[in-house]
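Right, one structure below, let's go through it.
The values are calculated or read from the model by the stated rules, or taken from the named source; none is laboratory data. Remember, predicted model here, so these are calculated numbers, not experimental data. Ligands, DNA and RNA are stripped out before the accessible areas are found, and what is left, the full protein with its side chains, is counted by its heavy atoms. Shrake-Rupley method; radii C 1.70, N 1.55, O 1.52, S 1.80 Å.
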Amino acid sequence: MSEHIGYARVDDRYGFCAKGTFRCPRKKEPLMLAIAAAVYTACLLITIVNAVIVLTSDLSMPIFEYDKTIDDFVPTIDLFGVIVSVLLVVILTAAVILSVIIITNGKEYTYFADEIKMVITDPDGEKTVFEYKDMVSVTYEKLTLFKRRQRGFDVYIETKYRTHNYQYIYSENKLLRSEKDTPFFILEERAGLKKRRYNDDMGA
């Protein structure tokens, strides 16, 4: 979640300062999700086929020797195999769900903004500098997951020199789901592209 540091004293006067983090999808997220889906589908099919074969076979071989008077209550090797197959499906499903959560959680970016510019650093340490005087526009489009649920914003930052794109993922706080809650809104504010926000709690 982003952390904004309101105003700090700079050169004996009050100057703007903000910093924090945000998350964007991994570059190979679609491929990673496709691999996870393929592995899950293959394992699930193998498990189901195995269970069908077991259920259509003779469930008569006991796991251990037993008293002939309690035949109906003794588990067989084949029945045990079915139980194991069901447990494997449950474990596999849980593992895939966890993998999808980890994959779609994205990677962390950091940013620092002052009176003149904002610097965004990607997970590889590469920095992109946005000087407010060079800003042209910031636009937001819906960023969805599996083409259904909105997960954030597809942000396009246009400067005099080129257009940058960041796919911003919502923070865990469900109350922070608007454009104003993204660090990119700072660019709009400082460049004069939007009216500055007023923080009533800080008395600004």
The stretch 16-31 versus the stretch 102-178: alpha-carbon centroid distance in Å
7 Å
With a ≥ b ≥ c from the Cα gyration tensor eigenvalues, square-rooted, and the rule rounded for a/c under 1.5, otherwise prolate when a/b > b/c and oblate otherwise, the stretch 119-166 is oblate
Heavy-atom accessible area of Leu193 with all protein chains present, probe 1.4 Å, nearest 10 Å²?
70 Å²
Compare Ile120, Ile101 by solvent-accessible area with a 1.4 Å probe and give them largest first, with all protein chains kept in place.
Ile101, Ile120
